[in-house]
């Protein structure tokens, strides 16, 4: 019953939500990738300008391979823009680059949720890897000690869920900072800002979907634990 359990429906729901969010952001980015910004700026040029406008001079803008693999690395102070963003002059690319700059700005001002998320990374990674082995052990050992393993697995998985929840305000805040700077610097027109918000909102949905999927997983684990008890 553990391997063929009706609670798998929660996992399926979470997977469907994540798949939909992933396809939505991909479709939205591709749709507006063809809309060239009137400023003529590339994603990398926009990033450089945003960083300077916020007094950040110790972050290097780099090009990395992949599509929508953009990310900010606070450890090495690098703003990594994907092939589809770095040299593109589209409104979508500028929006994505600005979002990553938002994380650099957060790091520069020591934004508390970003620091908390960074501190949770090793705990969340360990929790997501160790939780299920402990739970599975709990299902196959004696009744007296089973719940110790299962409860420990639930606690560890909860750390991974917490990481996902903390990520939400970090991502939303980065997008807000991005739009604010693009507007204040006059890098995008009013119509282009509307497009940028659509792209960033679609990207934000992937994080919401990820958090929802993790919560559903946690709910399933709790339900299985109660059944074992």
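With respect to residue 176, determine if the residue is modelled with pLDDT of 90 or more, under 29 Å from residue 83 (Cβ atoms) and either in contact with a helix residue (DSSP H, G or I) (Cβ under 9 Å, 6 or more places away or on another chain) or in a helix (DSSP H, G or I) (or both).
Values: modelled with pLDDT of 90 or more: yes; under 29 Å from residue 83 (Cβ atoms): yes; either in contact with a helix residue (DSSP H, G or I) (Cβ under 9 Å, 6 or more places away or on another chain) or in a helix (DSSP H, G or I) (or both): yes.
Against the criterion (modelled with pLDDT of 90 or more, under 29 Å from residue 83 (Cβ atoms) and either in contact with a helix residue (DSSP H, G or I) (Cβ under 9 Å, 6 or more places away or on another chain) or in a helix (DSSP H, G or I) (or both)), residue 176 qualifies.
As an exercise: evaluate residue 32 against (1) within 24 Å of residue 201 (Cβ to Cβ); (2) surrounded by 14 or more Cβ atoms within 10 Å (Cβ to Cβ); (3) touching a strand residue (DSSP E or B) at 6+ places or on another chain (Cβ under 8 Å); (4) free of Cβ contacts under 8 Å to residues at least 60 places away in the same chain and give the number of the one condition it does not meet.
Unmet for residue 32, out of (1) within 24 Å of residue 201 (Cβ to Cβ); (2) surrounded by 14 or more Cβ atoms within 10 Å (Cβ to Cβ); (3) touching a strand residue (DSSP E or B) at 6+ places or on another chain (Cβ under 8 Å); (4) free of Cβ contacts under 8 Å to residues at least 60 places away in the same chain: (4).
This table checks each residue for (1) over 30 Å from residue 5 (Cα atoms); (2) touching a residue at least 40 places away in the same chain (Cβ under 8 Å); (3) assigned to a helix (DSSP H, G or I).
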{"site": "129", "(1), (2), (3)": "no, no, yes"}
{"site": "138", "(1), (2), (3)": "no, yes, yes"}
{"site": "154", "(1), (2), (3)": "no, yes, yes"}
{"site": "162", "(1), (2), (3)": "no, yes, yes"}
{"site": "182", "(1), (2), (3)": "yes, yes, yes"}
{"site": "188", "(1), (2), (3)": "yes, yes, no"}
{"site": "192", "(1), (2), (3)": "yes, yes, yes"}
{"site": "225", "(1), (2), (3)": "no, yes, yes"}
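Checking the condition part of a loop (DSSP other than H, G, I, E, B), touching a strand residue (DSSP E or B) at 6+ places or on another chain (Cβ under 8 Å) and either in contact (Cβ under 8 Å) with a residue 24 or more places away in the chain or surrounded by 13 or more Cβ atoms within 10 Å (Cβ to Cβ) (or both), which residue from 68, 51 passes? If you could, list the steps in order and put the result at the bottom.
Working: 51 fails: part of a loop (DSSP other than H, G, I, E, B).
Only one candidate passes the filter, namely 68.
Would you please name the residue that is surrounded by the fewest Cβ atoms within 10 Å (Cβ to Cβ), looking only at residues in the stretch 179-212 that are under 24 Å from residue 16 (Cβ atoms) and over 13 Å from the mean Cα position of the chain (by Cα)?
Initial filter on the stretch 179-212 (under 24 Å from residue 16 (Cβ atoms)): 198-212.
This time we only want the ones that are over 13 Å from the mean Cα position of the chain (by Cα), so: 198-199.
Details: 198: 17, 199: 25.
My answer is 198.
Quick one: in the stretch 54-65, which of the residues that are assigned to a loop (DSSP other than H, G, I, E, B) and in contact (Cβ under 8 Å) with a residue 24 or more places away in the chain is surrounded by the most Cβ atoms within 10 Å (Cβ to Cβ)?
Taking the stretch 54-65 as the starting set, the residues that turn out to be assigned to a loop (DSSP other than H, G, I, E, B) are 54-59, 65.
Retained after the next criterion (residues that are in contact (Cβ under 8 Å) with a residue 24 or more places away in the chain): 54-56, 59.
Numbers: 54: 18, 55: 9, 56: 18, 59: 24.
That would be 59.
Does the stretch 91-108 include one or more residues that are in contact (Cβ under 8 Å) with a residue 60 or more places away in the chain, outside any helix (DSSP H, G or I) and either under 15 Å from residue 175 (Cβ atoms) or in contact with a helix residue (DSSP H, G or I) (Cβ under 8 Å, 6 or more places away or on another chain) (or both)? If you could, list the steps in order and put the result at the bottom.
Applying the first criterion (in contact (Cβ under 8 Å) with a residue 60 or more places away in the chain) to the stretch 91-108 yields 91-96, 98-103, 105-106.
Next, only the ones that are outside any helix (DSSP H, G or I) stay: none.
No, every residue in the stretch 91-108 fails to be in contact (Cβ under 8 Å) with a residue 60 or more places away in the chain, outside any helix (DSSP H, G or I) and either under 15 Å from residue 175 (Cβ atoms) or in contact with a helix residue (DSSP H, G or I) (Cβ under 8 Å, 6 or more places away or on another chain) (or both).
The values are calculated or read from the model by the stated rules, or taken from the named source; none is laboratory data. Predicted model, so just to flag it, every value in this text is computed and none were measured. Here Cβ is always computed from backbone atoms with ideal geometry, including for glycine, and neighbour counts include all displayed protein chains.
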